[in-house]
Amino acid sequence: MAVRTHWNITHACGHEIARDLSGRPADRRAGFARWLAERDCTDCWKAERGADTESKEQWLAARRAEEQRAAAEWAERFDMPPLEGPERALDWGERSRHRLMTSAHTALVVEGTWHEADWAELEEKARSITRAGWWIDQRDSEGADLLELLEAAGETDRGTENPFR
Ligand SMILES: [Zn+2]
């Protein structure tokens, strides 16, 4: 008697699907059928995965919007100038600036030995860097390195973008 090729699989999701397993070797069909039965059917699996991707994107978008709000509030409160650059870089630049400034404040003032006066000086330097792309480039930097980064940026800028400073 030949091993059957058509199996009715009852999937974990409860759907019963007729499958043609003739493409599998005879001695593997029962095992494969069992494996299939432990899983959701293809439609349910796709739907589930689609929902996951969607909710993850929604979550990311919501988080980004939240960060953007915080960055804008912070910029206003600490008198940070609007950034310059291509439209699509502006929000990202603002978020990067806010994140880096916040981690620098934590590293240097809150957990470090800096006084508020030192910090005020750093803030002043940060205000002079208005190129969104610069802040985006520093997005993975350590807060503790910010002063060095700002000083390097200042030197570059003096030679090129702002000859009057
Ligand atoms: Zn299903």
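Taking the helices alone, the chain has a mean residue ellipticity at 222 nm of -19500 deg cm²/dmol, built from -39,500 (n - 2.57) per DSSP H run of at least 4 residues and averaged over all its residues.
Given R0 = 41 Å, the distance between the Cβ atoms of R88 and A12 translates into a calculated FRET efficiency of 0.40. Computed with every protein chain present, the accessible area of W7 is close to 40 Å² [probe 1.4 Å]. Note that the range 67-74 has calculated 3J(HN,Hα) couplings of 4, 5, 4, 4, 5, 5, 4, 5 Hz, one per residue in order, obtained from phi through the Karplus relation 6.51 cos²θ - 1.76 cosθ + 1.60 (θ = phi - 60°); glycine and proline are x.
Once you divide the Cα radius of gyration of the range 68-161 by 2.2 N^0.38 Å, the number left is 1.01. Taking label positions 7 Å along the Cα-Cβ direction at both D140 and S128, the computed distance is 2.8 nm, reported to one decimal.
Using alpha carbons only, how many degrees (0 to 90, rounded to 10) separate the axis of helix 87-105 from the longest principal axis of the chain? Relative to the chain, helix 87-105 is tipped by roughly 70 degrees. Put simply, the amide H of I9, placed in the peptide plane, has neighbours under 5 Å in I17, A18, R19, leaving out anything fewer than 5 places away on its chain.
Farthest towards the positive end of the charge dipole of the range 14-116, among the residues A33, L90, V109, is the Cα of A33, using unit charges on the Cβ of Lys, Arg, Asp and Glu. Each residue of the range 47-61 is assigned a 3J(HN,Hα), and the resulting list reads 4, 4, 5, x, 5, 4, 4, 5, 5, 5, 5, 4, 4, 5, 5 Hz, derived from the Karplus form 6.51 cos²θ - 1.76 cosθ + 1.60 (θ = phi - 60°), x at Gly and Pro. Over the chain, the reciprocal of the mean inverse Cα-Cα separation, the Kirkwood hydrodynamic radius, stands at 20.5 Å. Rounded to the nearest 20, the Cβ-based charge dipole of the chain about its Cα centre (Lys and Arg +1, Asp and Glu -1) stands at 1460 debye. Spin-label pair T113-R49: with each label point 7 Å from Cα along the Cα-Cβ axis, the two points sit 5.5 nm from one another.
Taking only alpha carbon atoms, the range 1-63 gives an Rg to Rh ratio of 1.22, where Rh is the Kirkwood radius. Dipole magnitude for the range 1-83: about 660 debye, using +1 per Lys or Arg Cβ and -1 per Asp or Glu Cβ, origin at the Cα centre. Here's how it looks for E84: its modeled amide H is under 5 Å from those of R131, A132, which are all 5 or more places away or on a different chain. Taken over the range 8-106, the alpha-carbon convex hull comes to 189 cubic angstrom per residue.
The values are calculated or read from the model by the stated rules, or taken from the named source; none is laboratory data. Here the structure is a predicted model, which is why all the values come from computation and not from measurement. Every residue, glycine among them, receives a Cβ derived from its backbone with ideal geometry; neighbour counts consider all protein chains shown. For the accessible areas, the whole protein counts, side chains as well, though only heavy atoms, and no ligand, DNA or RNA atoms are used. Shrake-Rupley method; radii C 1.70, N 1.55, O 1.52, S 1.80 Å.
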